[in-house]
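Here is the structure we will look at, set down as structure tokens.
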Amino acid sequence: MVEFTRRESLALGLAAASIPILGTGRAQAAVDDVPTKSVTQLEYKLEKGATLSVLRPAKFVAADEKYWNINTAAYTKATGIDVKTSFLSWEDMRPQEAVTANTGAGPDVIVGFGSDPQIYASKVHDMSDLAEYLGTKYGGWYNLAKLYGTKWGTKDWIGIPMGGSSGPCAYRVSWVKEAGYSKIPDDLEGFLTLCEKLQKAGHPAGASLGHAVGDANAFANWLLWTHGAYLVDEEGKMAIDSKDTVAALKYATQLQKTFIPGTLSWNDSGNNKAYAAGEIGLTFNGVSIYFANRFSPNEAQQAIAEDTFFQLAPKGMAHTTPESALVLSAMVFKHTRYPNAAKDFVRFMMEKDQYGPWLSACLGYWSEPLDAYSKMKFWTENPRLQAFRGAMDTQFYDGYKGPISPASSAVAANYTVVDMFASVVSGAASPESAVKLAASQAQRYYG
Amino acid sequence: MDATANAAERLFIRRPDGWLTRMFDNKAFLVTLCMLPTAGLLLIFLTYPLGLGLWLSMTDATIGQPGHFIGLQNFISLSQDPIFWMSVTNTIMYTVVATSGKFLLGLWLAMLLNNYIPFRAFIRAIVLLPWIVPTVLSAIAWWWIYDPQFSIISYLLVNVLHLRSTYIDFLGAPWNARGSLVVVNIWRGIPFVAITLLAGLQTISPTLYEAALLDGANGWQRFRRITVPLLMPILSVALTLSVLFTFSDFQLVYAITRGGPFNTTHLMATLAFQRAIPGSQLGEGAAIAVAMIPFLIVATLLCFYGVGRRKWQQGAGND
């Protein structure tokens, strides 16, 4: 869940380019490791003279954009429909989407984040036929895909989830071993003890509780969910003011004492930098933290990568891993003159001959929304990718257990839960008062 | 006689065709017409966005939804929001401390540069650098300087000079973070103040200082009785602009802390953006931005009339 720095993306670009198996040839080669079920081919009646303009977030990994463009060119070749993709920096996506939605002009297809389909539900085409087709053909949608792709409380699909970015535990195998562990303990006490030992050994853990929209929200949510606490109930009623939350805050205070100093000011690249410098032995992050070092020309960085492994975050009191992912969904806006072509384009991009090479080239940065893509060989070729496979097969999401809505994204964007933890672990507020403040802040949006 | 009659006749004949001519002869009409393009530009580029902001602040608009008129509800709900009030105090504190710093150091720098020093033109150009470099770039440089693990300042203090045993948590603790941001703002603002005041200093005739010197005035008296009063007009303009820039600062804070840790460095501008765009509550964000206006007006009036009340401001000479 970490934004790539320029250097990292360059490294990953080189990475993708230097792995022969991921060369351009692969896009044309048949994909043989995606099991499909037979289903009636979905035939969209393509509009005459259609052209498409697509807006999506900028790449993290050079291969992401490269394979996207290869697939887009293949679509043009197959149908004669010209597709122009704009890659926009992540921060600019929201304003640009808002302008498009409000003016009813602009890109035909927008690939947006998280709750965007819910926010623009009244402005986008129904995608149920396509979702049903893809779901049947590719072994079914994962829970997170269903949550973000369908209009809340209905079975109507308003977006087609294309992937999710998750951030499990990333750690240095040798240092964790020195501390006496062969893997990360799954219980909270054990995890705290491990962090204490890592700190004593001079290789502390660290995770952001600053205003880092990806990392800090993910870490704060983990702290909450792993204690059985949650922001709102199924109806969207405030539920954060609970004993479980107070327990989570007390645990976080203990944990923070074992962390490297300064994590309250880390932005999304804070842990990546500290990890690459060998300052921390454990953090929560996407696969980038590994590949940035793996494909560095510097041998010391490569050694760090060699010593890196990923494991799902500790469950604690939760029954399943309390982790979510940042979901990417394609929406077809109602203002488009070519809705059939737009949907057909999304279908084409999700078919295995296009999606397979794209997904495997992204090296775990995006996790698959459809079960069939979890069977691809690349997931097991590098054991480190294991923790990213099936990341969208989770019950947890931003604003769990309430509806996915503008309110849930406002709470994340305003760092309400993050700040609750940050103010307590820094000693600026008592757990009880911080919970009250967070509840009143979140209530402003859930209202 | 004939010629005169002809001329009169011609005049007489030309008269009736001219309602257009008469209209253009009308001074009021002509003035309105000539001002129309400017007024139109102002209307489109100033009044419309401002009006839209005001309107949005009185709606419950979110991104993707147009919203309905809800009167002053946004303001009422903000008045009960401790984070909003923290951003107000932060903004006032930030403006007062940073502007004072900029003016003290800027004036000092201007007076140094006003003396004869070798390579004066070159040094003056260099002084402008912090102001010329795009804010986001310098903010990133400062963000590295303040990094909890890789700060050059901490490195010097701990590893080279051995004055401390731990790295400084510049941006992770509320007061450290506020102080660090004020320092960056001062660093960035000094050139503007220094160069403006330098221009003012150069308009002061050296004969005044010579006369004072002959009268036996010491350095402080010359500064207090000549420099300060004659610098006042330009000082008040520079102060007004500087307060406006600082009060509405966004880039530095957003690039360095994003308002963290736990909102303790949020300014009104950064909070307005956070709530309106990433948080998609357009109405509430607009309300925070509109709430800045009264503060800005008061600050401007204070600077303009409080500090530099002079006849020249009313159009008369400064005697």
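Of note:
- From phi via Karplus (6.51, -1.76, 1.60), per-residue ³J(HN,Hα) for the range A:100-105 in Hz, x at Gly/Pro: 4, 5, 6, 8, x, 9
- Among B:ILE153, B:ILE234, the order by Cβ neighbours within 10 angstrom, fewest to most, reads B:ILE153, B:ILE234.
- Number of partner chain Cβ atoms within 10 Å, mean per residue of A:410-419: 5
- Set of lysines near A:LYS37 by C-alpha distance (under 30 Å), chain-local residues within fewer than 8 positions excluded: A:LYS45, A:LYS66, A:LYS77, A:LYS137, A:LYS146, A:LYS151, A:LYS155, A:LYS343, A:LYS352, A:LYS375, A:LYS377
- Rounded to the nearest 10 degrees, the inclination of helix A:339-350 to the longest alpha-carbon principal axis of chain A is 60 degrees.
- Long-range HN-HN contacts of A:LEU88 with modeled amide H, under 5 Å: A:ARG56, A:ALA58
- The trypsin sites (Lys or Arg not before Pro) of the range A:136-240 that DSSP puts in a loop, and whose beta carbon has at most 13 other beta carbons within 10 Å, are A:LYS155, A:LYS183, A:LYS237.
- Loop sites in the range A:37-86: GluC sites (Glu not before Pro), DSSP, at most 13 other Cβ within 10 Å: A:GLU43
- For chain A, the dipole from Cβ point charges (+1 on Lys and Arg, -1 on Asp and Glu) about the Cα centre works out to 340 debye, to the nearest 20.
- Qualifying lysines (Cα of each under 22 Å from Cα of A:LYS315; at least 8 residues distant if same chain): A:LYS177, A:LYS183, A:LYS197, A:LYS243, A:LYS250, A:LYS257, A:LYS401
- Each listed q (0.07, 0.09 Å⁻¹) maps to a log10 I(q)/I(0) for chain A from the Debye sum over equal C-alpha point scatterers, namely -0.34, -0.56.
- In nm, spacing of pseudo-spin labels at B:ARG225 and A:THR103 (7 Å Cα→C-beta vector): 6.4 nm
- Of the beta bridges in the protein assembly as shown, as assigned by DSSP with both residues counted there, near 70 percent are antiparallel.
- A straight chain from B:ALA212 to B:LEU41 at 0.36 nm per residue would run longer than the Cα-Cα distance by 56.5 nm.
- Footprinting exposure proxy for B:PHE24, A:PHE295, B:PHE150 (fewest neighbouring C-beta atoms within 10 Å first): B:PHE24, B:PHE150, A:PHE295
- Given charges at Cβ of Lys, Arg, Asp, Glu: the range B:80-308 dipole, positive-most of B:THR207, B:VAL136, B:GLN221: B:THR207
- The protein assembly as shown - charge dipole about Cα centre, Lys and Arg +1 at Cβ, Asp and Glu -1, debye rounded to 20: 1540 debye
- With all projection directions averaged, the alpha carbon convex hull of the range A:182-267 covers 6.4 nm².
- Förster-model FRET efficiency, 30 Å R0, B:GLN202 and B:THR21, C-beta, rounded to 0.05: 0.05
- Peptide packing: for A:424-437, B:105-118, the average count of neighbouring Cβ atoms within 10 Å per residue gives the ranking A:424-437, B:105-118, highest mean first.
- Counts of other chain beta carbons within 10 angstrom of each beta carbon in peptide A:255-263 average 3.
- The range A:318-390 and the range B:125-198 have their alpha-carbon centroids 42 Å apart.
- Label positions at A:GLN41 and B:VAL31, each projected 7 Å from the Cα along the C-beta direction, are separated by 7.7 nm.
- When all alpha carbon pairs of the range B:105-159 are counted in 10 Å bins from zero, the resulting P(r) reads 20, 31, 31, 18, 1 %.
- The Rg/Rh ratio of the range B:80-308, with both radii computed over alpha carbons and Rh defined as the Kirkwood radius, is 1.04.
- R0 of 45 Å, Cβ-Cβ distance B:ARG164-B:SER79: FRET efficiency to nearest 0.05: 0.55
- Residues whose amide H lies under 5 Å from that of A:VAL124, counting only those 5 or more places away or on a different chain, are A:LYS334; hydrogens are built 1.01 Å from N in the peptide plane.
- The range A:428-439 - phi-based ³J(HN,Hα) in whole Hz, Karplus 6.51/-1.76/1.60, Gly and Pro as x: 6, 9, 7, x, 5, 6, 5, 4, 4, 5, 4, 4
- Estimated 222 nm signal from helices in the protein assembly as shown, with DSSP H stretches of n ≥ 4 weighted -39500 (n - 2.57), rounded to 500: -16000 deg cm²/dmol
- Relative to its Kirkwood radius, the Cα radius of gyration of the range A:176-229 gives an Rg/Rh of 1.02.
- The range A:134-237 - Rg over Rh from alpha carbon coordinates, Kirkwood radius: 1.09
- With the charge dipole of the protein assembly as shown set up from +1 on Lys and Arg Cβ and -1 on Asp and Glu Cβ about the Cα centre, the Cα lying farthest toward the positive end among the listed residues A:VAL346, A:LEU144, A:ALA292 is that of A:ALA292.
- In plain terms, the residue of A:TRP222, B:TRP144, B:TRP220 with the fewest other Cβ atoms within 10 Å comes first and the most crowded comes last, giving B:TRP220, B:TRP144, A:TRP222.
- Separation in nanometres of the label points that stand 7 Å from Cα toward Cβ, at B:LEU54 and A:THR154: 3.9 nm
- Surface/4 estimate of mean projected area, convex hull on alpha-carbon atoms of the protein assembly as shown, nm²: 48.7 nm²
- Average beta-carbon neighbours from other chains, 10 Å sphere, peptide B:41-48: 0
- FRET efficiency, 1/(1 + (r/R0)^6) with R0 25 Å, evaluated for A:HIS319 and A:THR380 via beta carbons: 0.45
- Under a model in which nothing but the beta-carbon of Lys, Arg (+1) and Asp, Glu (-1) is charged, the range A:305-404 shows a dipole of about 400 debye around its Cα centre.
- Per-residue Karplus couplings for the range B:163-173, computed as 6.51 cos²θ - 1.76 cosθ + 1.60 with θ equal to phi - 60°, are listed in order as 8, 9, 9, 10, 6, 7, 8, 4, 10, x, 10 Hz, Gly and Pro entered as x.
FYI, it's all coordinate maths here, none of it is from the lab. Keep in mind it's a predicted model, so treat the numbers as computed, not measured. As a convention, Cβ positions derive from the backbone with ideal geometry for all residues, glycine included, and neighbour counts pool all protein chains shown.
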